[in-house]
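The values are calculated or read from the model by the stated rules, or taken from the named source; none is laboratory data. A quick note: this is a predicted structure, and the numbers were derived from the prediction, not measured. Here Cβ is always computed from backbone atoms with ideal geometry, including for glycine, and neighbour counts include all displayed protein chains. SASA here: full protein model, heavy atoms, side chains in, ligands and nucleic acids out. Shrake-Rupley method; radii C 1.70, N 1.55, O 1.52, S 1.80 Å.
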Amino acid sequence: MDLPIASHLDPRAVESLLAFWADAGVEASYADDPIDRLAEGAALLRARKEPPAPVAVAPVATPAFGRGPDLGTAVAEAQVLAAACADLPALAAAIAAFDGCPLKTQGARQAVVSRGPADAPLMIIGEAPGADEDLQGAPFVGRAGQLLDRMLKAAGVLDRAFVTNTVFWRPPGNRTPTPQEQAVCAPFLERAIQLVRPKILLLVGGASAKSMLKREEGILSLRGRWFEWTSSDGQTELPALPTLHPAFLLRQPAAKKKAWADMLMLSERLDRPERPN
Ligand code: URA
């Protein structure tokens, strides 16, 4: 593939190149010189063709979860801390003070917890804070968040939405949060659900839908279908609708039609009168 090259003498070409990379999701540079991953891949393929020399294989250690406690210990600690929170401000403070999620020490500026009414009937769960959220300390406030808000507003549900994420710290380079990082944040997220008591969950993006519903399918197959989210103690069940991530919609505007269909399903169910028990 020919990559675009801008002359350093032409500021407009440089600006256009930076915009090209930003649109492709590249927003930080970690080295002065580019690394040709295609060449690396070719070298690997060549090496694979050569017969491997016999080597003594040492047992491979499971990669450590982080520098702190192991995953089980961190989850158990999160459960105890989350259970002790009587309201959302206490929960936000407990999350900010919690050291068990490795994302906290991987460049995040602050914990990003939630925005929206504390008694909202709709809870929106995204994947992870990005750069703008990390700066401002609130979820979905960047370009993707603004698009999400426009869709929620058009569907008439924006002011009834409590917004949060599966993890509370920005993953480095905006990578997808790992299932382990999501698992250690899950007790806090679940406590938020208990405290807000929404009627419906909107799961935004594949990483949110897969983690909340414990499913393996991709978001294109999950979206637009109602699922039942069940709390870890099995006591609470809520209707949950996976939908496309607004960052994906910014890159693939043709998919907005599907997202809009999801918004209509959502607002219809939110407005549906509850049947008496
Ligand atoms: N993407 C998400 O999934 N969550 C945010 O808060 C921002 C962008």
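Bridging of K214 to lysines at a Cα separation below 22 Å is possible for K199, once same-chain residues fewer than 8 apart are set aside. Using a probe of 1.4 angstrom and keeping all protein chains present, the accessible surface of segment 68-270 works out to 44 square angstrom per residue. Please label the shape of segment 155-204 as rounded, prolate or oblate, based on the square roots a ≥ b ≥ c of the eigenvalues of the alpha-carbon gyration tensor (a/c under 1.5 means rounded; beyond that, a/b larger than b/c means prolate, else oblate). Since a/c reaches 1.5 but b/c is at least a/b, the shape of segment 155-204 is classed as oblate.
Within 10 Å of each candidate Cβ there may be at most 16 other Cβ atoms; applying that plus a DSSP loop requirement, which trypsin sites (Lys or Arg not before Pro) in segment 87-144 survive? The qualifying sites are R109. With the Cα gyration tensor of segment 68-270 giving a ≥ b ≥ c as the square roots of its eigenvalues, does the rule (a/c under 1.5 for rounded; else a/b larger than b/c for prolate; else oblate) give rounded, prolate or oblate? It is prolate, given that a/c is not under 1.5 and a/b is the larger ratio. What you get for segment 107-164, charging only the Cβ of Lys and Arg (+1) and of Asp and Glu (-1), is a dipole of about 140 debye around the Cα centre. Per-atom-type breakdown for segment 68-270 gives carbon and sulfur 53% of the accessible area (1.4 Å probe, protein chains only). What does the charge add up to near P171, with Lys and Arg as +1, Asp and Glu as -1, over the other residues with Cβ less than 12 Å from its Cβ? Computed value for this residue: -1.
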